[in-house]
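Undergrad: Before I ask anything, here is the structure I am working with.
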Amino acid sequence: MLNKKLNELIFPQLNYEYSALEPYIDAQTMELHYSKHHQGYFTNLLNAVKDTELENKSLLEIFENISNLPVAIRNNGGGHFNHSLFWNIMSPDGKRAPSGELLKAIEKDFGSFDQFKSKFEDAAKTRFGSGWAWLSVKKDKSLCVCSSANQDNPLMDVSECKAMPILGLDVWEHAYYLKYQNRRPDYVNNFWNVADWDVIENNYKLALNSI
Ligand code: MN
């Protein structure tokens, strides 16, 4: 998706039912989040680039030059990519902990899986206002955890932690407020019950190959 021209992008399918992530993420939140919020970012992105030279660029090219582009493209391009990644790294019945090469890398860079989780949870819980928490692969192939505001992500030239994201957690209120109200920490802790480490491991392999 990152290398496709914007005018060839299609709105991604959700690979599970809206209710599939219950009780951790409720069906109504999933439906609104996917069919209204994400669909909105996608439509607005296409409208923002329509009939401009940007429609022949890829998301990756857009992100690497985002500081020079209109804010609508930053918000909606980020919104489209971030949500596409987010739906994919969750599933009702995935592997709930990393293994293999990714586990080794996590242990090398964070000490242990538990220490990684705690660092990631902190990033998600302490992000002020709307944003995202990320696990990403840096150019030197090491792993890093960070958060970003709004719909920014680590691929953008404005990012303080430039890297290839392999796991992202949406901490906008629209991602959890119906079920958790102000209790973002509960939502973040419960996220591990739906994170799919088969997919995240595959993202890690793809990231290593793209560096
Ligand atoms: Mn969202």
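Undergrad: Is it the case that some residue within the stretch 102-114 is outside any helix (DSSP H, G or I) and either in contact (Cβ under 8 Å) with a residue 40 or more places away in the chain or open to solvent by 40 Å² or more (accessible area, probe 1.4 Å) (or both)?
TA: yes
Undergrad: Pro154: modelled with pLDDT of 95 or more, touching a Lys or Arg at 6+ places or on another chain (Cβ under 7 Å) and not aliphatic (A, V, I, L, M), yes or no?
TA: Numbers: modelled with pLDDT of 95 or more: yes; touching a Lys or Arg at 6+ places or on another chain (Cβ under 7 Å): yes; not aliphatic (A, V, I, L, M): yes.
Judged against the criteria, Pro154 is a match.
Undergrad: State yes or no: is Ala97 closer than 20 Å to Leu206 by Cα, assigned to a loop (DSSP other than H, G, I, E, B) and either more than 16 Å from the ligand (Cβ to nearest atom) or hydroxyl-bearing (Ser, Thr, Tyr) (or both)?
TA: Numbers: closer than 20 Å to Leu206 by Cα: yes; assigned to a loop (DSSP other than H, G, I, E, B): yes; either more than 16 Å from the ligand (Cβ to nearest atom) or hydroxyl-bearing (Ser, Thr, Tyr) (or both): yes.
For Ala97, the condition - closer than 20 Å to Leu206 by Cα, assigned to a loop (DSSP other than H, G, I, E, B) and either more than 16 Å from the ligand (Cβ to nearest atom) or hydroxyl-bearing (Ser, Thr, Tyr) (or both) - is met.
Undergrad: State whether the residues of the stretch 131-151 include one that is closer than 24 Å to Leu14 by Cα and open to solvent by 60 Å² or more (accessible area, probe 1.4 Å).
TA: For the stretch 131-151, residues closer than 24 Å to Leu14 by Cα and open to solvent by 60 Å² or more (accessible area, probe 1.4 Å): present.
Undergrad: Another question about this same structure. Go through the stretch 65-80 and count every residue that is part of a helix (DSSP H, G or I), open to solvent by 10 Å² or more (accessible area, probe 1.4 Å) and touching a helix residue (DSSP H, G or I) at 6+ places or on another chain (Cβ under 8 Å).
TA: Of the residues in that region, 4 qualify.
Undergrad: Oh, and also: Out of the residues in the stretch 12-55 that are of a type outside the set (Val, Ile, Thr), out of contact with any Gly (no Cβ under 9 Å at 6 or more places or on another chain) and under 13 Å from Gly77 (Cβ atoms), which is surrounded by the most Cβ atoms within 10 Å (Cβ to Cβ)? Explain how you work it out, then say what you get.
TA: Just the residues of the stretch 12-55 that are of a type outside the set (Val, Ile, Thr), to begin with: 12-24, 26-28, 30-42, 44-48, 50-51, 53-55.
Those left that are additionally out of contact with any Gly (no Cβ under 9 Å at 6 or more places or on another chain): 12-24, 26-28, 30-36, 39, 46-47, 50-51, 53-55.
Retained after the next criterion (residues that are under 13 Å from Gly77 (Cβ atoms)): 46-47, 54-55.
Values: Leu46: 16, Asn47: 11, Leu54: 20, Glu55: 16.
So, considering only residues that are of a type outside the set (Val, Ile, Thr), out of contact with any Gly (no Cβ under 9 Å at 6 or more places or on another chain) and under 13 Å from Gly77 (Cβ atoms), the one surrounded by the most Cβ atoms within 10 Å (Cβ to Cβ) is Leu54.
Undergrad: If you don't mind, another one. Do we find that Tyr16 is assigned to a loop (DSSP other than H, G, I, E, B), over 20 Å from Val171 (Cα atoms), among the hydroxyl-bearing types (Ser, Thr, Tyr) and more than 17 Å from the chain's Cα centre (by Cα) in this structure?
TA: yes
Undergrad: Checking the structure you have, find out if any residue of the stretch 196-211 is within 16 Å of the ligand (Cβ to nearest atom) and aliphatic (A, V, I, L, M).
TA: no
Undergrad: Picking from Ser84, Ser99, which residue would you name as being open to solvent by less than 20 Å² (accessible area, probe 1.4 Å) and either at positive phi or hydroxyl-bearing (Ser, Thr, Tyr) (or both)?
TA: Ser84
Undergrad: Moving to a separate point now. Going by the structure shown, is Leu178 outside any loop (DSSP other than H, G, I, E, B), open to solvent by 20 Å² or more (accessible area, probe 1.4 Å) and within 16 Å of the ligand (Cβ to nearest atom)?
TA: On the way: outside any loop (DSSP other than H, G, I, E, B): yes; open to solvent by 20 Å² or more (accessible area, probe 1.4 Å): yes; within 16 Å of the ligand (Cβ to nearest atom): yes.
So Leu178 passes the test.
The values are calculated or read from the model by the stated rules, or taken from the named source; none is laboratory data. Note that the structure is a prediction, hence the values are computed from the model and not measured. Neighbour counts run over all protein chains shown; Cβ positions are idealised from the backbone, glycine included. Just the protein is used for accessible areas: all its heavy atoms, side chains included, with ligands, DNA and RNA removed. Shrake-Rupley method; radii C 1.70, N 1.55, O 1.52, S 1.80 Å.
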